[in-house]
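I have placed the structure first, in the form of structure tokens, so that the comments after it can refer back to it.
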Amino acid sequence: MNAGAADGKDAEKVFLDMPAMQSNQRSIGYVRTFMNIVAGVATGIMGCTSFYGAAAFLALHLGTSLGIALLMGGDTKQYTNLSFPRFLVDAMFTNAGSFLLFWTLFYALVYIY
């Protein structure tokens, strides 16, 4: 019987360094928030409205998340304990408010006033 087996099944033990995970999540959150603000400003200045603005948000959020994942070597579970698909959409709606605020602000500043 395997020394690491529990009840006849192989148990893989995963040790998480919670302060490091929290620090990683905080840093990723800062990058995503900043990039969504920049994306909102750019989308507003380009004059995107309606579906095009929403599509820009989706594309830029997924692009930012993909870029961060590539910097992690594609192993998001090691740094954040989130699977790759979950990592791509994580905090999407949390950052949507920042994007929407700057998108509408800069659209109004450039095209309305």
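Remarks
- Other residues with beta-carbon under 14 Å from the beta-carbon of K77 carry, at +1 per Lys or Arg and -1 per Asp or Glu, a net charge of -3.
- Answer label for mean projected area of the Cα convex hull in nm² (calculated), chosen among [x] 9.6; [y] 8.1; [z] 9.1: [z]
- Efficiency of FRET between V89 and E12 - r from beta-carbon atoms, R0 22 angstrom, step 0.05: 0.25
- With contacts taken as Cα pairs under 8 Å at a separation of at least 6 residues, the range 27-91 carries a relative contact order of 30 percent.
- Split the accessible area of the chain by element, probe 1.4 Å, and carbon with sulfur accounts for 66%.
- Ellipticity at 222 nm from helices only: DSSP H runs of n ≥ 4 in the chain, each -39500 (n - 2.57), divided by the residue count, give -23000 deg cm²/dmol.
- Dipole-positive endmost among A69, G44, S98 within the chain (Cβ charges, Cα centre): G44
- Accessible area expressed per residue, the chain, with surrounding protein chains retained (probe 1.4 Å, Å²): 68 Å²
- For the chain: relative contact order, % (alpha-carbon pairs under 8 angstrom, 6 or more apart): 37 percent
- Spin-label model, T49/D75: points 7 Å from Cα along the beta carbon direction are separated by 4.9 nm.
The values are calculated or read from the model by the stated rules, or taken from the named source; none is laboratory data. Keep in mind that this is a model prediction, so the values were computed, not measured. Cβ sites come from the backbone with ideal geometry, for glycine too, and all protein chains shown count toward neighbours. Accessible surface areas use protein heavy atoms only, side chains included; no ligands, DNA or RNA. Shrake-Rupley method; radii C 1.70, N 1.55, O 1.52, S 1.80 Å.
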